[in-house]
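The values are calculated or read from the model by the stated rules, or taken from the named source; none is laboratory data. Model, not experiment: these values are computed from the prediction. Here the Cβ is made from the backbone with ideal geometry for all residues, glycine too, and neighbour counts use every protein chain on show. For accessibility, only protein heavy atoms count, side chains too; no ligands or nucleic acids. Shrake-Rupley method; radii C 1.70, N 1.55, O 1.52, S 1.80 Å.
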Amino acid sequence: MKWNNLSLHKIKWICSFIVVLLPFFCSISNVFQKYLAVTLWAIMMWMFELLPEEIVAIMLPGLYILFDITNYATAFSAWTTSTPWITLGGLMIGGMIVKSGLVLRIAYKSLLLTKGSLKGIVWGIVLTCTIFTPLIPSIMAKVALLVPVVIGICKVLKVEAKSVTASALMLVVFFALWSPKMAFMTASTDSILTAGILEQYLGVKITWLAWAKDMFIPGILWMLVSIPLIYILRPQHLNLNKEYLEIEQFICKNRDKFVTIESQGLQVDASAFYPSLEPYYNTGTIPFVRVADVKDQIEYNACVNIPEMGEEFRTLHMCYPGDVVLTKGGRVGTAGLITQPSYVTRDLIFINASALSRKDYIVLYLFFSSSFAYKQMVRSSSMTAQPHLTITLIRDLLVCNYSNSFKDKVEKYFTTLEKLNHQAQILYSEAKQILIKELKVCTEGITSDSYTTKYLSTSFKVSGRLDAEYYQPKYDGYLSALEQFETTKIPNEFDVLKNSGTNYAEGVSDVGVIKTKQLTNSGVNTDGIESYFTHETCIENKSTLVVNNDVVFASMGVGSLGKVSLFSYDGDKPFVTDSTLRIYRAKKHTHVLPEVLCIFLQSAIGQELIYRYVVGSTGIINIYDDDIAKIPIPILDGEIQKDIAEKVQNSFALRRQSKQ
């Protein structure tokens, strides 16, 4: 909290304390003094927002009893009426539809009907409130229904809470709920009380029609006059993303061409909670697919392998070739196609598309990979702490029902794509094998002992490290083995560049931001970019654009640190990296080609040496630039380096061809 805010907070408490003490200086009875003090305390808490309103309201009757101001029956008399229970029920219902995400779907539908404009929203609320008035007598019940919808509209349109526009929309609800109330005689308490007084003291018995005859026009006129008052607040211009409107309109016009997942006889499910799997990592042969492994395709070479699990892990589901998986959170709605029997994490939703024919599950996977399906999923995702998909949302999602001839063509092209990707993987693997073959000669026989003896003079005094991991014998073995080569260091051969800034643009903008999740063992996945900067922001941040053959290295994060990718892109879209990544750009007379550096850092020995220098606690780890600069990089024979580079570049070329 800033100093001025802290001072203001103290002033509010001091003012409240003074006001609460004032009744004790008045010539009134002690009971009335205490009553005024407690009541003024509640008013000050509400007025200055020093405590949550609900807490103050709950405490108030208890304080009346605690200070012997009144008895239990009087203090809690309000709870014997319907008002507090209707209010509590309304708050509970409102909270449920907000937390479940239902309010957002209602909000989207409302915005589609009103075209997403401020004027349309205002008159939509007015019309809804007018219709509700004769049907729902209680104003609290109507508030419980309409206020969450307005909150949902504000969320969808990114209207900040307590802003002028949000206040204006809430004021519309107030005017639209209160004004028509005068136009109809309902079963509300005030209407019944008014009718009773007129009949008892004036002998006039009012019917529903008689009330409407005299009050309908004045009530509606009062509402129409009241509503324009909101424009005094000068609310901002509102506009719904037109893409969502276009998708909804397209589906409505072509409803006969869409079906739900459930109507196709497919099951949508997810793994439930299961015991920790970490002790089983890399002890078996079955891939365990996690969210980070789902890119434009599932990266099986990055998956950990686990054995076939027993009855204890019955809630851990296995997927089969042809099944489609979708990420529930984080990168919401990223689709992957299972190509070999795999266990899937509980953070993935899967569809048993393997029950379909090959062409059908291919088309289903490609549909979920499309921007059309992605926008549907994001629009419909539940909004709690962060957007996430639910099984119900996917089960009810509308997917396009394509013709058989179209499916046959798609299958043909997809098969070609698979072959190109397979060839690309083979070439990249061959490049790795060349490096491994060169290094294997000098790394065979590395000790697996987990203990060693060190003296302070040759350990801490030199390195400044006290952690046992740093001194494991295997590291000495790796370093001794690499001494058989001529070696160099990264800063000697590459410029080390980094970027900063988190002031991202809203939506898609000028410059894509590469993050750790875009780094794969086969290159930077530029199709998965989610964050962007404007050109002006890049100039302000003095950002360095990534260029072809830059090596991008992740220097931070559990599960991320140590990821390395070579940037290869044939488009004209500019990209930068976020602050957790480093760019290694080859110098003019480098002795190590960037392709070779990338393959080396991805290799087992490269990863081992990287993790030797990791610092930080569980959950937050990183490696300093000075430490990564200590890792020896072997200078291989020039022809071998060219062979590795050629295979890597040919692999990238095949991948680009598969995306055309």
Subset of segment 295-309 that is in a helix (DSSP H, G or I) and over 16 Å from Thr327 (Cβ atoms) - its residue that is most open to solvent (accessible area, probe 1.4 Å):
Asn301
What is the one condition in (1) at pLDDT below 85; (2) of a type in the set (D, E, K, R); (3) outside any loop (DSSP other than H, G, I, E, B) that Glu506 does not satisfy?
(3)
Helices (runs of 4 or more DSSP H) lying entirely in segment 315-410 (those with 3 or more residues that are surrounded by 15 or more Cβ atoms within 10 Å (Cβ to Cβ) and at pLDDT 90 or above)
358-369
So which residues in segment 515-555 are part of a loop (DSSP other than H, G, I, E, B), aliphatic (A, V, I, L, M) and at pLDDT below 90?
Ile529
Options Gly616, Gly638; residue that is free of Cβ contacts under 8 Å to residues at least 40 places away in the same chain, closer than 23 Å to Ala292 by Cβ and open to solvent by 10 Å² or more (accessible area, probe 1.4 Å)
Gly616
All positions within segment 323-363 that are small (Gly, Ala, Ser) and under 15 Å from Tyr300 (Cβ atoms):
Gly336, Ser342
Would you confirm whether any residue within segment 630-649 is farther than 20 Å from Asn521 by Cα, in contact with a Lys or Arg (Cβ under 9 Å, 6 or more places away or on another chain), assigned to a helix (DSSP H, G or I) and not hydrophobic (A, V, I, L, M, F, W, C)?
no
Restricting attention to helices (runs of 4 or more DSSP H) lying wholly within segment 11-82, give those where 3 or more residues are open to solvent by 80 Å² or more (accessible area, probe 1.4 Å).
30-48, 53-66
Matching residues, segment 256-276, being open to solvent by less than 70 Å² (accessible area, probe 1.4 Å) and either in contact (Cβ under 8 Å) with a residue 40 or more places away in the chain or in a strand (DSSP E or B) (or both):
Phe258, Val259, Thr260, Ile261, Gly265, Leu266, Val268, Asp269, Ala270, Ser271, Ala272, Tyr274
Options Tyr584, Tyr613, Tyr569; residue that is at negative phi, modelled with pLDDT of 95 or more and among the aromatic types (Phe, Trp, Tyr)
Tyr584
Is it true that some residue in segment 591-603 is modelled with pLDDT of 90 or more and more than 18 Å from Val552 (Cα to Cα)?
yes
In segment 545-558, which residues are open to solvent by less than 60 Å² (accessible area, probe 1.4 Å) and not charged (D, E, K, R)?
Val546, Asn549, Val551, Val552, Phe553, Ala554, Ser555, Gly557
Pairs needed: first member in segment 27-52, more than 17 Å from Lys10 (Cα to Cα) and β-branched (Val, Ile, Thr); second member anywhere, open to solvent by less than 70 Å² (accessible area, probe 1.4 Å) and not in a helix (DSSP H, G or I); C-beta distance under 8 Å; at least 6 residues apart or different chains.
Val31/Ile69; Val38/Ile69
Identify all residues within segment 473-503 that are surrounded by fewer than 18 Cβ atoms within 10 Å (Cβ to Cβ) and in a loop (DSSP other than H, G, I, E, B); write none if there are none.
Glu483, Gln484, Phe485, Glu486, Lys489, Lys498, Ser500, Gly501, Thr502, Asn503
Lys440 versus (1) within 30 Å of Gly284 (Cβ to Cβ); (2) in contact with a strand residue (DSSP E or B) (Cβ under 7 Å, 6 or more places away or on another chain): which is the lone unmet condition?
(2)
Asn282 - would you say it is within 30 Å of Thr526 (Cα to Cα) and part of a loop (DSSP other than H, G, I, E, B)?
yes
Residue count, segment 568-601 (criterion: within 34 Å of the chain's Cα centre (by Cα) and part of a loop (DSSP other than H, G, I, E, B))
10
Positions within segment 570-601 being within 17 Å of Ile628 (Cβ to Cβ) and surrounded by fewer than 19 Cβ atoms within 10 Å (Cβ to Cβ), in sequence order:
Ser579, Thr580, Arg585, Ala586, Lys587, Thr590
Close pairs from segment 354-367: first farther than 15 Å from Val325 by Cβ, partner hydroxyl-bearing (Ser, Thr, Tyr), Cβ under 6 Å, at least 6 apart:
Val363/Tyr402
